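Data block below; observations after.
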Amino acid sequence: MDNAVLAEGLARRFGETTALAGVDLAARTGSVLGILGPNGAGKTTAVRVLATLLAPDSGHAAVCGHDVVRDAHRVRQLVGLTGQYASVDEMLTGFENLLLIGRLLGQSRAEAKANAGDLLTRFDLSDAAGRAVKTYSGGMRRRLDLAASLIGRPRVLFLDEPTTGLDPRSRLGLWRMVRDLVADGVTVLLTTQYLDEADQLADEIAVIDHGRVIATGTPAELKARTGAQPLVVRPSEPAHLPVVTAIVRELTGVVPAVEDTTVTATVTDPALLPAVVRRLDDARVTVAELALRDASLDEVFLSLTGHRAEESTDTPDLERTPA
């Protein structure tokens, strides 16, 4: 298997606190590896090690076959990084930001100008190219930040919680751009605490909690590990909601969740569905919705860790610790 990113046994401590406790990761070339976990889990520390911004205390990692410690200079030529917070210069224009980065990377002025223009067009920023970045919206800054990380045409792109603080429309736009990059052959390592983001973008997921990888697999494989599915029942008549709730509770043995006119309970036996249908028919209850859905990644994370991905943990937040 051709892995663009491979890490084995990565460990990193900050004083008395362990940020990484032996992390193994593998990202196939031309795919998206999602690293899922709450704040303080060690996601950003792992990215910083892989991007050569931090040296591991132990373990080793390679990007495109180059060791991140011994061949750090070569690795930096192959990767791009977009952090949690936009790193562009607010006083410069969008075009000037990209031109500056291109020149710092050793590109000729003509090449840097051409690349800047192409990326501004690609990320729908051409109309704002001559404006100071301080006038950009959050979504525009995020797009410019992503464009900046692509000036060097990286083979591997690290996206560290790239949609933090974005509105839904901007998030969807960035997701589309990530898909386009992967279609062009770029390998993306994406850290996120948004489960829907991992579900939408990742070919494979590594779940990190307290500095350790606790599960890996495709989104479908991880969902299958829970062994449970949400049973959803929505009666056509709101007046039948108490009857539906009582039937679901009796047949599942759990207290269902009721939101608006929808009753939901987690079940482990798919054979319950026809039993629910029979009981609803006997009670002369018609339904607008009756289904067994796939488990969500949120439910997977909860089953693996005992808490939801957005919840903070006892691990201190080391995500902003300087290299």
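Numerical summary
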quantity: List 91, 177, ordered by accessible area with a 1.4 Å probe, largest first; calculated: 91, 177
quantity: Accessible-area order (highest first, 1.4 angstrom probe) of the listed residues 225, 103, 48, 284; calculated: 284, 225, 103, 48
quantity: Efficiency of FRET between residue 105 and residue 58 - r from beta-carbon atoms, R0 35 angstrom, step 0.05; calculated: 0.65
quantity: The chain: relative contact order as a whole-number percent, Cα under 8 Å and 6+ apart; calculated: 22 percent
quantity: Base-10 log of normalised Debye intensity for the stretch 111-174 (one unit scatterer per alpha-carbon) at q = 0.14, 0.25, 0.28 Å⁻¹; calculated: -0.41, -1.20, -1.34
quantity: Whole-number D in µm² s⁻¹ for the stretch 42-145, Kirkwood Cα-pair radius fed into Stokes-Einstein, 4 °C, 1.567 mPa s; calculated: 85 µm²/s
quantity: Efficiency of FRET between residue 167 and residue 121 - r from beta-carbon atoms, R0 22 angstrom, step 0.05; calculated: 0.45
quantity: Rounded accessible area per residue of the stretch 112-170, 1.4 Å, Å²; calculated: 43 Å²
quantity: Spread of Cα-to-Cα distances over 20 Å intervals beginning at zero, given as percent, for the chain; calculated: 29, 47, 21, 3
quantity: Value of Rg/Rh across the stretch 172-252 [Cα atoms, Kirkwood radius]; calculated: 1.17
quantity: Full-stretch length increase - residue 246, residue 67 - with 0.36 nm per residue and alpha-carbon distance subtracted; calculated: 58.5 nm
quantity: Straight-distance crosslink candidates among lysines, where the alpha carbon sits under 23 Å from residue 223 and sequence neighbours closer than 8 are dropped; calculated: 43
quantity: Net charge of Cβ neighbours under 9 Å - reference residue 12; Lys, Arg +1; Asp, Glu -1; calculated: +1
quantity: Relative contact order of the stretch 145-296, pairs being alpha-carbon contacts under 8 Å that are 6 or more residues apart, as %; calculated: 20 percent
quantity: The stretch 102-206: relative contact order in percent, alpha carbon pairs under 8 Å with at least 6 residues between; calculated: 23 percent
quantity: The stretch 1-94 - Rg and Dmax from Cα coordinates, angstrom; calculated: 14.2, 45
quantity: Selected from 63, 276, 75 as most flexible by GNM, with the chain as the system and alpha-carbon contacts under 10 Å; calculated: 276
quantity: Most to least accessible of 137, 31, 87 (protein chains only, probe 1.4 Å); calculated: 87, 137, 31
quantity: Helical mean residue ellipticity (222 nm; -39500 (n - 2.57) per DSSP H run of 4+; nearest 500) of the chain; calculated: -10500 deg cm²/dmol
quantity: Principal semi-axes in Å for the stretch 66-210 [√(5λ), Cα gyration tensor, largest first]; calculated: 24, 20, 13
quantity: Selected from 220, 114, 283 as most flexible by GNM, with the chain as the system and alpha-carbon contacts under 10 Å; calculated: 283
quantity: With every protein chain in place, the stretch 160-248: carbon and sulfur % of accessible area (1.4 Å); calculated: 50 percent
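The values are calculated or read from the model by the stated rules, or taken from the named source; none is laboratory data. Small disclaimer: the values here were computed from a predicted structure and weren't measured. Every residue, glycine as well, gets a Cβ built from its backbone with ideal geometry; the counts of neighbours run over all protein chains shown. Only protein heavy atoms, including side chains, enter the accessible area calculation; ligands, DNA and RNA are left aside. Shrake-Rupley method; radii C 1.70, N 1.55, O 1.52, S 1.80 Å.
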